[in-house]
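*Asks:* Quick one: the structure is below, questions incoming.
A short reminder: the numbers here are calculations on the coordinates, not readings from a lab. Small disclaimer: the values here were computed from a predicted structure and weren't measured. Because the Cβ atoms are built from the backbone with ideal geometry, glycine has one as well, and the counts that use them run over all protein chains shown.
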Amino acid sequence: MSDDGLSAQFCAFTGLEDVEQAKTWLEMAGGNVEMAVGLFFESGGAMGGGDGGFGSDGGFGGSSSASASSNAAAAGPPVPDWFRSVWPPSVRGFSDVPEAWAGQSLRFEGGGGIGLPQPRNGPCGVLAAVQAAALADLCRRRNAGAGSAGGGSDQLRPAVTDDVLASVLADMVWQARPGDGDGATLVTGAGADAVQSAAHADRDSLLAAATSSLGAFKSPGGANLLVYSLVLTRTVEGVRRDVRGAGGDLPLVNELSLCTSDLVALCLRGRADGNFGAYPAVPGGEYTRLRGRG
């Protein structure tokens, strides 16, 4: 279907009359009408401050001083620099994170405790990485004789118990350290304007902290705590260096609330250098491309 046809569909679903804005929403959703419509309604139909339209300066939103003051007041307390490396500008603070992420826990359920339920689209890359790490941990335990007794893999009925999850979280965060002599930071809570965290000089201390704080990770928002722990351990400078060195761009979660491949790479191997994706980083921009690595 042509771009005009997609725009017409979008306008019919949303009631929007501005075709150029319709095209922008579609670009943000990679040309997917259903996703663009969902993004439109989830954001209240606003693309920025003011009246939600294009400002006189060619940017999004109004340009009056009253509108700017209103937006500044709505923004709430300032957020730390590392927060901006995680979330797009539309996320104004800790209490403003997308619902898909705010409600996402790391509690394994179903299938004997091997599944991670995902209520809404968004954190799937983080969940996939955690589940992969959990399965790898279970296989290591089984191979070492610490898993289920018995025959081959077809007889193994794994369950991600609390000790497995704590070990997985500790391993993922520990491997994100910039260097062998560096410690790790574990975030165990997030309030309205700050996080609760502690530094750990060795993995045993980190594992003990993960074990004692497991309830927070298994509660809504637990996925965010893992992401924050990874970024603070890697340091915002390290994350920026990883992403830019691979030719990518921050933030780690895009405007559609989806994980970037850089975030998945940070979860899987402690370095935020994935750099490939299905959608443009900005409306109308170029698609990121996978860079070859020898």
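*Asks:* Under a point spin-label approximation (7 Å from Cα along Cα-to-Cβ), what is the CYS124-ASP162 distance to one decimal in nm?
*Replies:* 3.2
*Asks:* Give me the compactness ratio for the stretch 102-269, meaning the Cα radius of gyration over 2.2 N^0.38 Å.
*Replies:* 1.04
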